[in-house]
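*Asks:* Could you have a look at this structure, given as structure tokens, before my questions?
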Amino acid sequence: MTAIVTNEKTGHHGGTLITTEEGFVEISVFETNVPPLFRLYFFDPSMQPLALNHDLAATIETRRPDGKKQIFEFRQEGDFLRSTTDVPEPHEFMVSLTLVGEGINRQTYDTKFTEEGHDHGGHGHHGHDHGDGIFGWLKGKVAHSHSITEKTDTAMESNKRGIQTLKITLVIMGLTALLQVIIVLASGSVALLADTIHNFADACTSLPLWVAFALARRGANRRFTYGYGKIEDVAGVLIVLIIFFSACVAGYESVLKIIHPEPMVNTGWVAAAAIIGFIGNEWVAMYRIRVGKEIGSAALIADGYHARVDGFTSLAVLFGVAGVWLGFPIIDPLVGLGITITILVIVKGAAKSVWIRLIDGIEPEILEQIEHAPMHVPGVKAVRDVRARWIGHRVYTDVVLDVAPEITVREADKLAQSVEKSLLDHVHLLGGAVVQVKPDESTRLS
């Protein structure tokens, strides 16, 4: 094992450059429109990009001033390696990079990583890193600004992805519920009926979100100067009402079956339907949650977790089947009531989330990111009077900065632009920022 303490140099992507036996490795943190992640780029001695060796394995251990350590694993993504976990703020720590692979002896390199080692663009001679894929390539060709306009373009693409996700999951949930309906008619299981009603309701919840995403793509106008993003909150209210209605229907059918019991038949098919319901819901849950996190849609993420819970309620139908097999058919409507209660719990959580968005609530961690980002800009003495709100799946904020009293108007304008860029770089899914610069008169008086 070779331990080498390197000097800090800047690579093509603004990261810390390490000299290795094969050439150079650049360590950067990429956090434009995504949570901060390590990226490793590899170059030969003449700083030409190297093709990645598929057998290459890399790990990073960070050591912070307080002694806290963290290990990061990596996986290949395009022409670089990407960490599989986020990098917590602040991004200032000692780094131990370990490389091992076929034809490569185990190598460990130590260096110091600071906030300057960020893959935000504007560092090094490559300028901006616009992300991956065709949209990243297009931005690299036609856009050269991390301004509000670029964020708006990203928001429009997010709405498009949201609609695509809803279309796909609507079809999957619709087919799942349709298969269950057929088996409900053949078996008479009230537990399966309750689950089927709920799965149909889940499919219906896609429709208000679909409308919300479609309207949001229209952008701002003279009447709706912030665009149609708040429609997503209205869609959230409709989703809560649909889920609540499904709970009422499921509960009614379960109580009716207790009062007027009917035998369950074709129990094997009921068990199969329960498993189908679980698989369909879990697939939809994973897809919605992943895309929701990528585009910053709280409604889509909530809908995904809701589908995950529904998957387990589908499995609960198996208890009703087991009850019939064991000679206790009453278990079937009791499971139906249990599913009803589960749906009502979901309604409570969803209603709370939607209510917080409706009254412009904001997560404390987002507010902390907004307060932290301007402090990376030289000349900012303090950040105060921070306000933030969600509009659709973008955060809009107002901040007031305390600066030296002798600052000129031109300097204040330049500083405000730098703070805006820092906010865009550090705050995931920021849609816009209003930055006010105010002289700190207490400094003059002192």
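The values are calculated or read from the model by the stated rules, or taken from the named source; none is laboratory data. Just so it is clear, the structure is predicted and the values come from calculations on it, not from any experiment. Glycine also receives a Cβ, built like all others from the backbone with ideal geometry; neighbour counts cover every protein chain displayed. For the accessible areas, the whole protein counts, side chains as well, though only heavy atoms, and no ligand, DNA or RNA atoms are used. Shrake-Rupley method; radii C 1.70, N 1.55, O 1.52, S 1.80 Å.
*Asks:* May I ask you to derive the FRET efficiency for Ile359 and Leu50 from their Cβ-Cβ distance with R0 = 51 Å, giving the value to the nearest 0.05?
*Replies:* In this case the efficiency is close to 0.45.
*Asks:* So, one more: Between Glu368 and Arg308, what length in nm is gained on full extension when 0.36 nm per residue of separation is reduced by their alpha carbon distance?
*Replies:* Separation in residues times 0.36 nm, less the Cα-Cα distance, equals 18.6 nm.
*Asks:* Placing +1 on the Cβ of each Lys and Arg and -1 on the Cβ of each Asp and Glu in region 313-446, which of Leu326, Val347, Ile391 has its Cα farthest towards the positive end of the resulting dipole?
*Replies:* The residue sitting farthest along the positive end of the dipole is Leu326.
*Asks:* Would you mind calculating the gained length between Asp66 and Val434 on full extension (0.36 nm times residue separation, minus the Cα-Cα distance), in nm to one decimal?
*Replies:* 129.0 nm
*Asks:* Can I ask one more? How do 94-100, 419-425, 358-364 rank on mean C-beta neighbours within 10 Å, highest first?
*Replies:* Put in order of decreasing packing, that is 419-425, 94-100, 358-364.
*Asks:* Another question about this same structure. Please name whichever of Gly219, Gly268, Leu241 sits farthest to the positive end of the charge dipole of region 204-293, dipole taken about the Cα centre and charges placed at Cβ: Lys and Arg +1, Asp and Glu -1.
*Replies:* Highest projection toward the positive end goes to Gly219.
*Asks:* With a ≥ b ≥ c the root eigenvalues of the C-alpha gyration tensor of region 248-385, is it rounded (a/c under 1.5), prolate (a/b larger than b/c) or oblate?
*Replies:* prolate
*Asks:* I'd like the Karplus ³J(HN,Hα) series for region 90-95: coefficients 6.51, -1.76, 1.60, θ = phi - 60°, whole numbers in Hz, and an x wherever there's a Gly or Pro.
*Replies:* x, 8, 9, 6, 7, 10
*Asks:* Using the Karplus curve 6.51 cos²θ - 1.76 cosθ + 1.60 with θ = phi - 60°, work out ³J(HN,Hα) for each residue of region 35-48 in order, rounded to whole Hz, and write x for Gly and Pro.
*Replies:* The phi angles translate into x, x, 9, 5, 10, 10, 10, 10, 9, 7, x, 8, 6, 8 Hz.
*Asks:* Rounded to the nearest 20 Debye, what is the dipole magnitude of region 165-235 about its Cα centre when Lys and Arg each give +1 and Asp and Glu each give -1 at the C-beta?
*Replies:* 560 debye
*Asks:* Which residues' amide hydrogens lie under 5 Å from the amide hydrogen of Leu430, considering only partners 5 or more residues apart or on another chain, with H built in the peptide plane?
*Replies:* The answer is Val395.
*Asks:* Ok, one more. Picking from Val95, Gly15, Gly78, whose Cα lies most toward the positive end of the charge dipole for region 14-111 (charges on Cβ: Lys, Arg +1; Asp, Glu -1)?
*Replies:* Val95
*Asks:* To the nearest 10 square angstrom, how much accessible area does Asp79 have with a 1.4 angstrom probe?
*Replies:* For Asp79, solvent-accessible area is about 100 Å².
*Asks:* Dipole magnitude of region 238-351 about its Cα centre, charges +1 at Lys/Arg Cβ and -1 at Asp/Glu Cβ only, in debye to the nearest 20?
*Replies:* Dipole about the Cα centre, nearest 20: 260 debye.
*Asks:* With +1 assigned to the C-beta of every Lys and Arg and -1 to the C-beta of every Asp and Glu, and no other charges, what is the dipole magnitude of region 335-406 about the Cα centre in debye, to the nearest 20?
*Replies:* 440 debye
*Asks:* Something else about it: How much solvent-accessible surface does Asp66 expose, in Å² to the nearest 10, with a 1.4 Å probe and all protein chains in place?
*Replies:* Per-residue accessible area (Asp66): approximately 120 Å².
*Asks:* Go through Lys230/Lys421; Lys112/Lys381; Lys112/Lys293; Lys414/Lys438 and tell me which ones have a Cα-Cα distance over 22 Å in this structure.
*Replies:* Check vs 22 Å cut-off fails for Lys230/Lys421; Lys112/Lys381; Lys112/Lys293.
*Asks:* Around Leu50, which amide H atoms from residues at least 5 apart in sequence, or from another chain, sit under 5 Å from its own amide H, with H modelled in the peptide plane?
*Replies:* HN-HN under 5 Å from Leu50: Phe42, Phe43, Asp44.
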